[in-house]
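Notes to accompany the following structure.
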Amino acid sequence: MFRRSLLIASIGLLLGACAQNPSISAKTEPATTQNTPPNIIFLIGDGMGFEYISAYRYALSERGQSLAATPFDEMLVGAATTYPDDTTWITDSASSATALATGVKSYNGAIGVDAEQHPQQTMMEKARQLGWHTGAISTSQVTHATPAAFFTHHPSRQMYNEIADSFASTKFGERWSFDLLLGGGMSYFKRADKNWLPELAQQGMQVVTDYQQLDATQQLPVLGLFAPVALPYAVDDQPRLAQLTRNALRLLSSAQTTSGKPFALMIEGSKIDWCGHANDIACAIGEIQDFAQALQVAKDFQQEHPNTLIVVTADHSTGGLTLGQGGVYEWHSERVMAIENSLEVLVPELLARSREQWRDYLQPRLNLPVSDAQWQQLAETELAGSLDRNAHERILRKALVALISEVTRTGWTTTGHTAVDVPIMATGPYAEQLRGYKDNTEIGQLLLQIVR
């Protein structure tokens, strides 16, 4: 409840600032200089279908009272399809990111290439060729599908080492393809067969590995790697995306002041999707909150720099989330907000304890009204001795999802992606051109047209 109170208080302060400054709403189109393209801040909530935003809004609200506002609300302009270049209707993050970055459909797993594996120009590459400043932020590893598709070209998203090599070696003249790259993924740049970090530093790249170091950084280019793979979940650690966004905009706008050139920044709330794959509702709300705070930082920046376009969308939705489960017409948002850890933390801790200790460990972390019968059912979860640890984790995670879903009335239909449409939100120059029902390629095509 304490965490929930902090959440509501922080969002109230943010939205109070918005109310006092209506110039940052989606209904206001900041004037743009005829010959000066706008800065582009492109936020992608990985796995964030409409249902996740609904869940976030209810999580901020008291049941039976008026719904709380969110930073997303006034920006909604349309919806987008997400299907890949095949017959499945269901995209993965790589195919969808390629569509958003290049305006071209491709197959699942494709990174910046079309269905024939031909490289396609991305908005970031076009921007770089024209002298723009470019950057990306991700709460997963920076070599993951979404950031990779905006800067590199590979036939498979699984080529993490090769993607890191592309980031480290691709240049436009004397400049890397990016000015700023922030997120996880240290293990792909510093590995047994190749350590890029000393080489990059020698060439003039500032490599930072902790947040305080980033706060003190004053100039570009910057490669910030803050975890071996992905950053921790916000529910288990603390939100980081707003801090990364604030520093990115500080550094990019400073460079813009010197060069006179616009910038393009992609910001990915990567692990909304990971929580959806895990069917972990408390985890998902924490990641949406992290993403919303980053969006508010972008909106505050736009208030000071009105020639800035902000676009928000998702690459797909994940998990088939439903607010309501088991035929009961209730969703207990306050119970969701009482959960203090992700399943990624809880499951290994349970396996390290005897079954008799499970209830004592979980009770203060779930903070849910679990009945004795439900505790007994969990304690009787069958973990066959012939199975390995990964199998035991899967079984126990499924049991916890069932328990949390029943008590909170949260429903899930899959541990994969779904083909539902996703929101398009925009404010600033050109935002009206995203109004209505679009395909995800149309978002990418418009951004490529804006870069000039």
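The values are calculated or read from the model by the stated rules, or taken from the named source; none is laboratory data. Bear in mind the structure is a predicted one, so any value in this text is a computation, not a measurement. As a convention, Cβ positions derive from the backbone with ideal geometry for all residues, glycine included, and neighbour counts pool all protein chains shown.
For segment 73-108, the candidate set comprises residues that are among the aliphatic types (A, V, I, L, M) and part of a helix (DSSP H, G or I); within that set, the residue that is surrounded by the fewest Cβ atoms within 10 Å (Cβ to Cβ) is MET75. Candidates are the residues of segment 31-56 that are of a type in the set (Val, Ile, Thr) and modelled with pLDDT of 95 or more; the one that is surrounded by the fewest Cβ atoms within 10 Å (Cβ to Cβ) is ILE53.
Against the list (1) in the same structural domain as ALA99 (by TED's automatic domain parsing); (2) closer than 30 Å to GLN65 by Cβ; (3) in contact with a helix residue (DSSP H, G or I) (Cβ under 6 Å, 6 or more places away or on another chain), the condition HIS332 fails is (1). Among the conditions (1) within 21 Å of THR81 (Cα to Cα); (2) acidic (Asp, Glu); (3) free of Cβ contacts under 8 Å to residues at least 40 places away in the same chain, ASP421 misses just one, which is (3). Report yes if LEU403 is over 27 Å from ILE90 (Cα atoms), aliphatic (A, V, I, L, M) and modelled with pLDDT under 95, otherwise no. No, not satisfied. Summed over segment 166-184, the residues that are touching a residue at least 24 places away in the same chain (Cβ under 8 Å) and either part of a strand (DSSP E or B) or farther than 25 Å from GLY131 by Cβ (or both) give a count of 8. Starting from residues that are of a type in the set (S, T, N, Q) and part of a loop (DSSP other than H, G, I, E, B), keep the ones in segment 395-417 and report whichever is surrounded by the fewest Cβ atoms within 10 Å (Cβ to Cβ). Out of the qualifying residues, it is THR413.
Suppose we filter ALA110, ALA101 for residues that are at pLDDT 95 or above, of a type in the set (Gly, Ala, Ser) and under 23 Å from LEU223 (Cβ atoms); which single one remains? Quick ask: steps written out before the conclusion?
On the way: ALA110 fails: under 23 Å from LEU223 (Cβ atoms).
After applying the criteria, what remains is ALA101.
A quick yes/no check of all residues on (1) in contact (Cβ under 8 Å) with a residue 40 or more places away in the chain; (2) within 19 Å of the chain's Cα centre (by Cα); (3) closer than 20 Å to VAL420 by Cβ:
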site: LEU67; (1), (2), (3): no, no, no
site: GLU74; (1), (2), (3): yes, no, no
site: SER95; (1), (2), (3): no, yes, yes
site: THR98; (1), (2), (3): yes, yes, yes
site: THR146; (1), (2), (3): yes, yes, yes
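Of GLU174, GLU199, GLU162, all but one fail to be under 25 Å from SER95 (Cβ atoms), more than 20 Å from the chain's Cα centre (by Cα) and charged (D, E, K, R); the exception is GLU162. Of the residues that sit in segment 128-145 and are in contact with a helix residue (DSSP H, G or I) (Cβ under 9 Å, 6 or more places away or on another chain) and among the hydrophobic types (A, V, I, L, M, F, W, C), which one is surrounded by the fewest Cβ atoms within 10 Å (Cβ to Cβ)? Among them, the one singled out is TRP132.
Within segment 328-337, the presence of a residue that is farther than 17 Å from VAL407 by Cβ and modelled with pLDDT of 95 or more is excluded. Quick check on ALA227: is it part of a loop (DSSP other than H, G, I, E, B), of a type in the set (A, V, I, L, M, F, W, C) and either touching a Phe, Trp or Tyr at 6+ places or on another chain (Cβ under 8 Å) or surrounded by fewer than 22 Cβ atoms within 10 Å (Cβ to Cβ) (or both)? Criteria met by ALA227.
Selection within segment 326-344: residues that are farther than 13 Å from LEU366 by Cα and of a type outside the set (Ser, Thr, Tyr). The member of this set that is surrounded by the fewest Cβ atoms within 10 Å (Cβ to Cβ) is GLY327. Residues in segment 337-364 that are touching a Phe, Trp or Tyr at 6+ places or on another chain (Cβ under 6 Å) and polar (S, T, N, Q): SER342 alone. Selection of segment 42-61 for residues being touching a residue at least 60 places away in the same chain (Cβ under 8 Å) and either of a type in the set (D, E, K, R) or in contact with a Lys or Arg (Cβ under 7 Å, 6 or more places away or on another chain) (or both) yields ASP46, GLU51.
Does GLU116 satisfy the condition of being free of Cβ contacts under 8 Å to residues at least 40 places away in the same chain and charged (D, E, K, R)?
Details: free of Cβ contacts under 8 Å to residues at least 40 places away in the same chain: yes; charged (D, E, K, R): yes.
Spelling it out, GLU116 is indeed free of Cβ contacts under 8 Å to residues at least 40 places away in the same chain and charged (D, E, K, R).
Taking the criterion of being assigned to a helix (DSSP H, G or I) and within 28 Å of LEU60 (Cα to Cα), the residues of segment 326-358 that qualify are SER333, GLU334, ARG335, VAL336, MET337, ALA338, LEU343, GLU344, VAL345, LEU346, VAL347. Return yes or no: is GLU268 of a type in the set (D, E, K, R), in the same structural domain as VAL77 (by TED's automatic domain parsing), modelled with pLDDT of 95 or more and assigned to a strand (DSSP E or B)? It is true that GLU268 is of a type in the set (D, E, K, R), in the same structural domain as VAL77 (by TED's automatic domain parsing), modelled with pLDDT of 95 or more and assigned to a strand (DSSP E or B).
Please find, among ILE443, ILE424, the residue that is out of contact with any Phe, Trp or Tyr (no Cβ under 7 Å at 6 or more places or on another chain), assigned by TED's automatic domain parsing to the domain that holds GLY45 and either in a helix (DSSP H, G or I) or basic (Lys, Arg) (or both). Can you show your working first?
Working: ILE424 fails: either in a helix (DSSP H, G or I) or basic (Lys, Arg) (or both).
Going through ILE443, ILE424 in turn, just one is out of contact with any Phe, Trp or Tyr (no Cβ under 7 Å at 6 or more places or on another chain), assigned by TED's automatic domain parsing to the domain that holds GLY45 and either in a helix (DSSP H, G or I) or basic (Lys, Arg) (or both): ILE443.
Of all the residues in segment 349-385, those that are surrounded by 10 or more Cβ atoms within 10 Å (Cβ to Cβ), within 34 Å of the chain's Cα centre (by Cα) and more than 15 Å from LEU396 (Cβ to Cβ) number 5.
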